[in-house]
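Notes for the one structure printed next.
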Amino acid sequence: MTEAGFYTVLFWIWLGLAPLTFCLLLFVPAPYGRNLRDGWGPKLPFLSGWILMEFAAPVGMLVWYLLGNTRALVPTLFLGLWLLHYLHRSFLYAWIRRDRGSPIPLTIGLSALSFNLTNTYLIGRELFAFSPMEDSAWLSDPRFLGGLLCFVVGFAINLRADHVLLHLRKPGETGYKIPHGGLFQRVSCPNYLGELIEWCGWALLTWSLSGVLFALWTAANLVPRAITHHRWYQETFSEYPSERKALIPWIL
């Protein structure tokens, strides 16, 4: 089988697994963070567990770029935007939270590693080898500009939500509190909303099937988790604001 044939088969398998994952996570929340529970094998400290989960995203994409057949401006900009998100998410965020995060089961770390390896392969090979966007005129295309705006807005929402959550407790405090400020006034999980906006923007600005697939996978992972978090807040805090939704203001 040629690599193009392998890529096509993997793409369709990956597409089929996304809705199955969505349905599974609606009933079986991924066991990390506030959903951490026994029965999922040995646990890693937060810092090492998080890096195991995420490091393949920036490293893998850089590898596929270097192995690709283009160094044009547009694909290089795509790489830069990807690294902007994932160098922060994989390393800076993990370092800031190193003493505050819950342990991460090894099985979850390996599962996330497998996801990122597959995802970066599908995206990296399309963008940097099979059908690279090399015409610089794309940078003035409304699809690129609209997607870039979504990407930046989503990234900013994500950073703001992380800042609120990281400073929710005073030094020495433990336990959970109700977050306030910004989009927390409207939804329980603005950090997840930011990521959804970001990767929908990525799909648009790259105008790629692999980008659309990643946006679908992001929704498959984060929509059920947001619903689970929202339900947990409501059950844990009797005073939890009734006007808040789980993920999308006034809707979901």
All conditions in (1) outside any loop (DSSP other than H, G, I, E, B); (2) touching a helix residue (DSSP H, G or I) at 6+ places or on another chain (Cβ under 7 Å); (3) of a type in the set (A, V, I, L, M); (4) surrounded by 17 or more Cβ atoms within 10 Å (Cβ to Cβ) are true of Ala129 except (2)
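Can you tell me which of Glu54, Glu126 is under 24 Å from His163 (Cβ atoms) and acidic (Asp, Glu)?
Details: Glu126 fails: under 24 Å from His163 (Cβ atoms).
Only one candidate qualifies: Glu54.
Given the structure, is Arg169 loosely packed, with under 14 Cβ neighbours inside 10 Å and assigned to a helix (DSSP H, G or I)? So that I can check it myself, show each step before the final result.
Details: loosely packed, with under 14 Cβ neighbours inside 10 Å: yes; assigned to a helix (DSSP H, G or I): no.
So Arg169 fails the test.
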Note on Arg37: of the conditions (1) within 20 Å of Leu117 (Cα to Cα); (2) modelled with pLDDT under 90, unmet is (1)
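Quickly run through segment 59-72 and pick out the residues that are assigned to a helix (DSSP H, G or I) and either exposed (fewer than 14 other Cβ atoms within 10 Å of the Cβ) or of a type in the set (Lys, Arg) (or both).
Selection gives Leu66, Leu67.
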Here the residues within segment 71-80 that are within 15 Å of Gly124 (Cβ to Cβ) and in contact with a helix residue (DSSP H, G or I) (Cβ under 6 Å, 6 or more places away or on another chain) are Val74, Pro75, Phe78, Leu79
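Here are some residues: Ile157, Ile197, Ile178. Which one is part of a loop (DSSP other than H, G, I, E, B), among the β-branched types (Val, Ile, Thr) and either surrounded by 19 or more Cβ atoms within 10 Å (Cβ to Cβ) or modelled with pLDDT of 90 or more (or both)?
Working: Ile157 fails: part of a loop (DSSP other than H, G, I, E, B); Ile197 fails: part of a loop (DSSP other than H, G, I, E, B).
Within the list Ile157, Ile197, Ile178, the selection yields Ile178.
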Listed by first then second residue, the pairs whose first member lies in segment 44-63 and is within 15 Å of Leu110 (Cβ to Cβ) and not assigned by TED's automatic domain parsing to the domain that holds Leu77, whose partner is at pLDDT below 95 and in a strand (DSSP E or B), with beta carbons under 8 Å and at least 6 positions apart or on separate chains, are none
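Hey, among the residues in segment 89-100 that are more than 22 Å from Leu122 (Cβ to Cβ) and either in contact (Cβ under 8 Å) with a residue 60 or more places away in the chain or surrounded by 19 or more Cβ atoms within 10 Å (Cβ to Cβ) (or both), which one's farthest from the chain's Cα centre (by Cα)? Break it down stepwise before answering.
We begin by selecting, within segment 89-100, every residue more than 22 Å from Leu122 (Cβ to Cβ); these are 91-100.
With the extra rule that they be either in contact (Cβ under 8 Å) with a residue 60 or more places away in the chain or surrounded by 19 or more Cβ atoms within 10 Å (Cβ to Cβ) (or both), the set shrinks to 93-94, 96-97, 100.
Working: Tyr93: 13, Ala94: 14, Ile96: 18, Arg97: 17, Arg100: 20 Å.
Within segment 89-100, the match that is farthest from the chain's Cα centre (by Cα) is Arg100.
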Those residues of segment 88-115 which are under 22 Å from Leu159 (Cα atoms), touching a Pro at 6+ places or on another chain (Cβ under 9 Å) and in a helix (DSSP H, G or I) amount to Arg89, Ser90, Phe91
Expected output for segment 114-125 (first residue closer than 13 Å to Gly68 by Cα and among the β-branched types (Val, Ile, Thr), partner at pLDDT below 95 and assigned to a helix (DSSP H, G or I), Cβ below 8 Å, 6+ apart or cross-chain) is none
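The values are calculated or read from the model by the stated rules, or taken from the named source; none is laboratory data. This is a predicted model, so every value here is computed, not measured. Heads up, the Cβs are rebuilt from the backbone with ideal geometry, glycines too, and the neighbour counts pull from every protein chain shown.
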